[in-house]
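Only one structure is covered here, and it is reproduced in the block below.
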Amino acid sequence: MSDGEFEVRENSLLLGYNGLYQVEKFLGEGTFGKVAKCREVATNQEVAIKILKSKYKDAGRDEIQALTEVSKIDADQYCLVKCIDWFRYKSHICIAFEILDKSLDDFMSDRDDRPLDLHEIRTIAWQLLIALQGLKNINLVHGDIKLDNIMLVNQVSEPFRVKLIDFGLAQKTSHIQTGSRMQNLLFRAPEVMLGLPLDERLDMWTVGYVLAMLYAGIYIHPQDSEGERFIDLLKRMLEVDPNKRISPSEAFEHPFFTMKSVQPSAGSEEPKPEEPAAPEVHQQAETKEVTTVPQEPEIVLQETSKSTNKNKRLQGEPRPKQQTKPQLTQPRELTCKRNSKIMTHTNLPGLT
């Protein structure tokens, strides 16, 4: 059997440490494996099981290590997905999670990428900041925050309650090496691009980017955008080795000035430099660090339209902003089920 083969089918029975799970259907597939909707036979409880391809066993172990750290805090309280079980099925590592509704990426596609109202964004932002606070408490960096990895819990019964999922790329802050390449390119923080020292603050960049997308309905820095070209120019200017550092003549030919997506080949005629347009300056409001878990503001569910135009966000096509007046209500506290069980590697037979 090759590494690419998948040994789990619908109606397969997966024996875990905390239950026996029957596969009902597959919900999605990614680079590392598939996610299946399953049902625990004895309790009839629905769960989502992430089944990693056999060639990604190391990635599975890394995610289990990160989830072990997450289990030291209350997942519900800190808006993080709750892990229920992990085990091996044939050549696959399987991780069982609580079942959730849909990702923000799917939710935005279902509403034709129509931007959210500010009171809806406020509710999501509040919870994501709580998630970052929880991760900081255990010195963990998520490293892959994006719309796909933010899940609505149940949009019908708990509108815009979200949880952060997918800890496959998470790392302890002390383990991140300077110059590590992390995060999806479109969500990548400047310090990652420039090879600077990294810590949990890179997750705040991606949360801000996500909120901007929810407000605009598009990716605010499409791939190969002017911002990406500028970052690439900075990296070449800030090269530590002087022999590899970009020269003035090479800089004049850089795509940041030529506005081309591909850098001209060496030896081409030197163009006359033109003064670039003055950049726009955006001021960021001063923020205060939250020391305790705040209460989430309550919002009213808004009816959404259904369609599938996810690619329009990549094309940067703007959509008209709704002028609905934000509805402000008194804050309320999320109803949380507490699970104080801490998961350790001592109960992971077969995964060491």
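The values are calculated or read from the model by the stated rules, or taken from the named source; none is laboratory data. Owing to the predicted nature of the structure, the values given are computational and were not obtained by experimental measurement. Every residue, glycine among them, receives a Cβ derived from its backbone with ideal geometry; neighbour counts consider all protein chains shown.
What to note about this one:
- Residue ID - surrounded by the most Cβ atoms within 10 Å (Cβ to Cβ), chosen from residues in segment 152-170 that are in contact with an Asp or Glu (Cβ under 7 Å, 6 or more places away or on another chain) and under 18 Å from ILE73 (Cβ atoms): PHE167
- Qualifying residue in segment 200-218 (condition: farther than 25 Å from ILE121 by Cβ, part of a loop (DSSP other than H, G, I, E, B), in contact with a strand residue (DSSP E or B) (Cβ under 9 Å, 6 or more places away or on another chain) and in the same structural domain as LEU132 (by TED's automatic domain parsing)): no
- Any hit, segment 167-183, residues being in contact with a helix residue (DSSP H, G or I) (Cβ under 7 Å, 6 or more places away or on another chain), among the small types (Gly, Ala, Ser) and assigned to a loop (DSSP other than H, G, I, E, B): yes
- Residues located in segment 118-151, provided they are in contact with a strand residue (DSSP E or B) (Cβ under 7 Å, 6 or more places away or on another chain) and more than 22 Å from MET182 (Cα to Cα): GLU120, ARG122, THR123, ILE124, TRP126, GLN127
- Number of residues in segment 120-155 that are in a strand (DSSP E or B) and farther than 13 Å from GLN171 by Cα equals 5.
- Number of residues in segment 19-41 that are in a loop (DSSP other than H, G, I, E, B) and exposed (fewer than 15 other Cβ atoms within 10 Å of the Cβ): the value is 3.
- Some residue of segment 64-86 being within 18 Å of LYS146 (Cβ to Cβ) and free of Cβ contacts under 8 Å to residues at least 24 places away in the same chain: no
- Residues that are in contact (Cβ under 8 Å) with a residue 24 or more places away in the chain and under 13 Å from the mean Cα position of the chain (by Cα) were ranked within segment 184-196; the one that is surrounded by the fewest Cβ atoms within 10 Å (Cβ to Cβ) is LEU185.
- Single match in LYS163, LYS172 (criterion: within 15 Å of LEU128 (Cα to Cα) and in the same structural domain as ASP106 (by TED's automatic domain parsing)): LYS163
- Residue in segment 36-59 that is basic (Lys, Arg) and within 21 Å of ILE150 (Cα to Cα) present: yes
- Filter result for SER109 (in contact with a strand residue (DSSP E or B) (Cβ under 8 Å, 6 or more places away or on another chain) and buried (at least 18 other Cβ atoms within 10 Å of the Cβ)): no
- Taking the criterion of being buried (at least 23 other Cβ atoms within 10 Å of the Cβ) and closer than 17 Å to SER103 by Cβ, the residues of segment 136-148 that qualify are HIS142, ILE145.
- Of the residues making up segment 159-183, those that are without any contact (Cβ under 8 Å) to a residue 24 or more places away in the chain and at negative phi are HIS175, GLN177, THR178, SER180, ARG181.
- Meets criteria (outside the structural domain of ILE150 (by TED's automatic domain parsing) and exposed (fewer than 13 other Cβ atoms within 10 Å of the Cβ)) for PRO255: no
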